[in-house]
Amino acid sequence: MAEVFGYAQFRGSQEPVIEAVCAGRDVVAIMPTGAGKSLCYQIPALVRPGTALVISPLIALMEDQVRALRANGVAAASLNSQSTDTHETFDALAAGTLDLLYVAPERALSPGFRTLLGRSEIALIAIDEAHCVSQWGHDFRPEYRQLKALCDDLKGVPRIALTATADIETRADICAQLGIDPADMVVAGFDRPNIRYQVTAKTDAKAQLLAFVQSHAGQCGIIYAPTRAATEQVRDWLRAANINARAYHAGLEAEERRSAQAAFVRAEDMVMAATIAFGMGIDKPDVRFVVHLGLPKSIEAYYQETGRAGRDGDPAVAQLLWGAADVQRLRGFIDGGEGNAAHKAREEVRLQALLSFLETARCRRQPLLRYFGEPEPEPCGNCDNCLNPPLLDDMTEAARKFLSAVYRTGQRFGAQHVIDVLTGNGNERAERFGHDKLSVWGIGSGVDAGRWKDLARQLETMDALRRDPEHKGLLLGPAARAILKGEGQVALKQAAPKPLRASRGRASA
Ligand code: ADP
Ligand code: ZN
């Protein structure tokens, strides 16, 4: 390996994967971006006799790899819709002089190519971006579904499927669709120990954001905002505070986007306020923080987006600021989005997984890594919950009061009105609806309004409360029943309004 690739040693789970494939076994390798998946099939390609077939949907990536391999003296070629030297490649494959052949899936599936394969010696078949095989994945490609037939043509040839992003269902699908035993799955390397995860309730987004960025003065960071307009707003807030900031979203001219991106990569102290259009393919090692203003789409999206911080291995912070309205926004996307009921149910499960990550009082790394199928780590000492263990309040009684008040007021009002009723905050509106005559009027005056808000958010994340898509009033959700019947508990982190602080200090080792 050292001679051809110039690496002194294997990283993470490269070694077991490479050993398995060299020995002729099938593997599904789930490793994060940058973990070095390519080496997992490149080394076996050189070790095993014959040509390794690599199925990849990304032409640019294919070309890069072929160029790099050739530069290291490896006989590599590619076949895709832009290839010009197809005949030479076919001849080389037939003659057995190729070490690796990268092929676009539609090319690999063409009858002519499959006949040729039948007559060639194939070392292994690698399926890159294997999540494309699953319609539950975020990038389903129907032609991937036919790859199993191609693999089955090549009896006894080991198959290795590789991907960075796959939740549990997608993984099962990859195994099923490609005919690989789920026991042959290797999942590893998702932990990013230098990233400090922090999650905070949004109280005053602008003030919280400015305090955070100011505590990271002179560093580069990315702020993900939910809309194009919000990115520009954030940029203006930052500039007004004398912070070097730019905005980035898909609505900008291509030239403007290019220049913003280039400036960020070069910069030493720039904050990029961006939508999720920003980040893919940007290799900047010294991004010191990633802030989410609102919620990412899923835990996977969160992991990808926060993963852009601290690539150099030095301490970095992932700060997320969120409120109940952000949850509603995501639920709205799911409900209003395309797809059948089963699809929506799956999306809802994904949302729940994200919410439990946000609400957890335990080490953040535990649910995060569990989501990626890794064994749960010891408390990490480098997340908000480890550094400041939250104390819990039992709010079951209060939750019952809140849910009753939602019910008694007719499931038509927002959290603020329900809180007014509970706290007996006499106002014209409550009187107009006769809510000051209800049995729930004023029964919650012992809890302050801010705390009621926290509780309402918690109940929404637990799906004990939902918001009517039309009038936005709160409705009882499926989880409300158990709580009202005294079967479900509701605990809330004790309110300790802490200012957002910088990452300096402990993790500077
Ligand atoms: P992935 O496909 O998993 O995103 P790549 O295969 O593109 O990752 O590898 C990411 C980077 O890591 C590349 O620059 C590669 O050269 C480097 N790399 C891979 N394996 C090793 C290793 N064992 N030691 C050092 N660098 C490595
Ligand atoms: Zn932790």
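Name the single residue that is modelled with the highest pLDDT among those in segment 155-183 being more than 22 Å from residue 33 (Cα to Cα) and charged (D, E, K, R).
181
Residue check, residue 361 against (1) within 16 Å of ligand 2 (Cβ to nearest atom); (2) of a type in the set (A, V, I, L, M, F, W, C); (3) assigned to a helix (DSSP H, G or I), all met but one. Which one?
(3)
Being in contact with an Asp or Glu (Cβ under 7 Å, 6 or more places away or on another chain) and not in a loop (DSSP other than H, G, I, E, B): is that true of residue 369 here?
Judged against the criteria, residue 369 is a match.
Just to be sure, is residue 304 in contact with an Asp or Glu (Cβ under 8 Å, 6 or more places away or on another chain), over 24 Å from residue 214 (Cα atoms) and either among the hydroxyl-bearing types (Ser, Thr, Tyr) or surrounded by 14 or more Cβ atoms within 10 Å (Cβ to Cβ) (or both)? Break it down stepwise before answering.
Numbers: in contact with an Asp or Glu (Cβ under 8 Å, 6 or more places away or on another chain): no; over 24 Å from residue 214 (Cα atoms): yes; either among the hydroxyl-bearing types (Ser, Thr, Tyr) or surrounded by 14 or more Cβ atoms within 10 Å (Cβ to Cβ) (or both): yes.
So residue 304 does not fit the description; no.
Testing residue 13 on (1) within 29 Å of the chain's Cα centre (by Cα); (2) among the small types (Gly, Ala, Ser); (3) within 10 Å of ligand 1 (Cβ to nearest atom), one condition comes back false. Which one is that?
Unmet condition: (3).
Among the candidates 26, 99, single out the residue that is more than 16 Å from ligand 2 (Cβ to nearest atom), within 20 Å of residue 133 (Cα to Cα), surrounded by 15 or more Cβ atoms within 10 Å (Cβ to Cβ) and among the acidic types (Asp, Glu).
26
For segment 375-407, which positions are touching a strand residue (DSSP E or B) at 6+ places or on another chain (Cβ under 6 Å), farther than 14 Å from residue 459 by Cβ and either in a loop (DSSP other than H, G, I, E, B) or within 16 Å of ligand 1 (Cβ to nearest atom) (or both)?
Of everything in segment 375-407, those that are touching a strand residue (DSSP E or B) at 6+ places or on another chain (Cβ under 6 Å), farther than 14 Å from residue 459 by Cβ and either in a loop (DSSP other than H, G, I, E, B) or within 16 Å of ligand 1 (Cβ to nearest atom) (or both) turn out to be 382, 390.
I'm checking my understanding of the structure. Among residues of segment 225-261 that are assigned to a loop (DSSP other than H, G, I, E, B) and not small (Gly, Ala, Ser), which one is surrounded by the most Cβ atoms within 10 Å (Cβ to Cβ)?
Going residue by residue through segment 225-261, those that are assigned to a loop (DSSP other than H, G, I, E, B) are 225-227, 241-244, 249-253.
The next check asks that each one be not small (Gly, Ala, Ser); those that pass are 226-227, 242-244, 249, 252-253.
Numbers: 226: 17, 227: 13, 242: 9, 243: 19, 244: 15, 249: 21, 252: 18, 253: 8.
Ranking the candidates gives 249 first.
Just a yes or no: is a residue in segment 152-161 buried (at least 22 other Cβ atoms within 10 Å of the Cβ), touching a strand residue (DSSP E or B) at 6+ places or on another chain (Cβ under 9 Å), without any contact (Cβ under 8 Å) to a residue 60 or more places away in the chain and of a type outside the set (Val, Ile, Thr)? Before you say what the answer is, go through the steps one by one.
Residues of segment 152-161 that are buried (at least 22 other Cβ atoms within 10 Å of the Cβ), as a first pass: 158-161.
Those still in the list that are touching a strand residue (DSSP E or B) at 6+ places or on another chain (Cβ under 9 Å) too: 158-161.
Next, only the ones that are without any contact (Cβ under 8 Å) to a residue 60 or more places away in the chain stay: none.
Looking through segment 152-161, none of the residues is buried (at least 22 other Cβ atoms within 10 Å of the Cβ), touching a strand residue (DSSP E or B) at 6+ places or on another chain (Cβ under 9 Å), without any contact (Cβ under 8 Å) to a residue 60 or more places away in the chain and of a type outside the set (Val, Ile, Thr).
What strands (runs of 3 or more DSSP E) completely inside segment 168-224 contain at least 2 residues that are closer than 27 Å to residue 384 by Cα? Step through it out loud before you land on a result.
Details: elements: 185-187, 195-201, 220-224.
In segment 168-224, the matching strands (runs of 3 or more DSSP E) lie at 195-201, 220-224.
Can you list residue pairs whose Cβ atoms sit under 6 Å apart, with the first residue in segment 356-381 being more than 19 Å from residue 298 (Cα to Cα) and modelled with pLDDT of 85 or more and the second being of a type in the set (A, V, I, L, M, F, W, C) and near ligand 2 (Cβ under 8 Å from one of its atoms)? Count only pairs 6 or more apart in sequence or on different chains.
379/363; 379/386; 380/363; 380/386
Could you list, in sequence order, all residues of segment 364-377 that are surrounded by fewer than 16 Cβ atoms within 10 Å (Cβ to Cβ) and near ligand 2 (Cβ under 9 Å from one of its atoms)?
Result: 377, single match.
Here is a list: 340, 388, 382. Which entry is of a type outside the set (Ser, Thr, Tyr), within 16 Å of ligand 2 (Cβ to nearest atom) and surrounded by fewer than 17 Cβ atoms within 10 Å (Cβ to Cβ)?
Numbers: 340 fails: within 16 Å of ligand 2 (Cβ to nearest atom); 382 fails: surrounded by fewer than 17 Cβ atoms within 10 Å (Cβ to Cβ).
Just a single option satisfies the conditions, and that option is 388.
The values are calculated or read from the model by the stated rules, or taken from the named source; none is laboratory data. All figures in this text were calculated on a predicted structure; none of them were measured in a lab. Heads up, the Cβs are rebuilt from the backbone with ideal geometry, glycines too, and the neighbour counts pull from every protein chain shown.
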